[in-house]
Amino acid sequence: MWDNWLLNGCTLDNISDLLALREEGGMPDSGGRTRASVAMLLHQGATDVEILFIQRAAHDLDPWSGHIAFPGGKLEEGELECQAASRETHEEIGIDLEQGRYLGRLSDIVGTNLPVRVSCCLFCVDRESCLPILNEEVSDLFWVSLSDLRDPLRHRSSWVDFGDKRLEVPSIQLPVENKPVLWGITYRLVMQFMAMLDGDGSSDNGFCTLPEVVEIDEELEHERKNRCNNV
């Protein structure tokens, strides 16, 4: 599907139209969760689209220490979601998204066991003109092609540590040496993005209509998988 999508001439110029299909409504209350926003940065290469990922710096008090993520963070008072994503991106990796092109938003992600509600704003940037400067919260930055992210051989179930919990979760093994697997909220956002392109949960135009909010529960999914394995 992805190869045909590229061959048919649908590139980053069309992603904004697909994101516009996201169901809008009055933003419901966050249920006491902390509001946060991240930026998914896309680069259109000669034959593929690439996505930027960061690896968070190791910190004993950070439950996401060392994890693969998108740049982002908490909303400040009076900020809109994509304003926060742009500010945090500039603070964390030194990329000014005012120089990029805003494409739209994915569905927000909330989790039963995660005290946050995360928005994801998509931007198109030219990686050749970006000069990243990493702050102390980020240990590394790298780009991964959509072809690699879609490779079924990279999709697997992995055991991960989160706080004092150990969970078996769906994940992607990235094509970068000595990196942890991609899982959790960032994994869900990547999968949501690829499902949109493929038209899973399709609308009349063959593409995916995104809900405003998606809820995940990694622990519940882990328990459900164990029950299935024991049947």
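Throughout, read-outs are computed from the coordinates displayed, never taken from laboratory work. None of these values were measured; they are calculated from a predicted model. Backbone-built Cβ (ideal geometry, glycine too); neighbour counts: all protein chains shown.
List TYR187, TYR102 from most exposed to least, where exposure is judged by having the fewest other Cβ atoms within 10 Å. Working shown, then result.
Working: TYR187 20, TYR102 17.
Going from least to most buried by this count: TYR102, TYR187.
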Check which residues have an amide H placed less than 5 Å from ALA57's amide H, if you skip close sequence neighbours.
GLY66, VAL138, SER139
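I need the peptides 152-160, 49-57, 75-83, 165-173 ranked by packing, meaning the mean over residues of other C-beta atoms within 10 angstrom, with the highest value on top.
Packing order, densest peptide first, comes out as 49-57, 165-173, 75-83, 152-160.
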Among segment 37-59, those whose backbone N falls under 13 Å of a label point 7 Å along Cα→Cβ from TRP143 are 41-53
Under the 0.36 nm per residue contour assumption, what length would be gained going from the current alpha-carbon distance of SER129 and ALA57 to full extension?
23.5 nm
Amide proton proximity set for LEU174, modelled H, under 5 Å, gap of 5+
LEU182
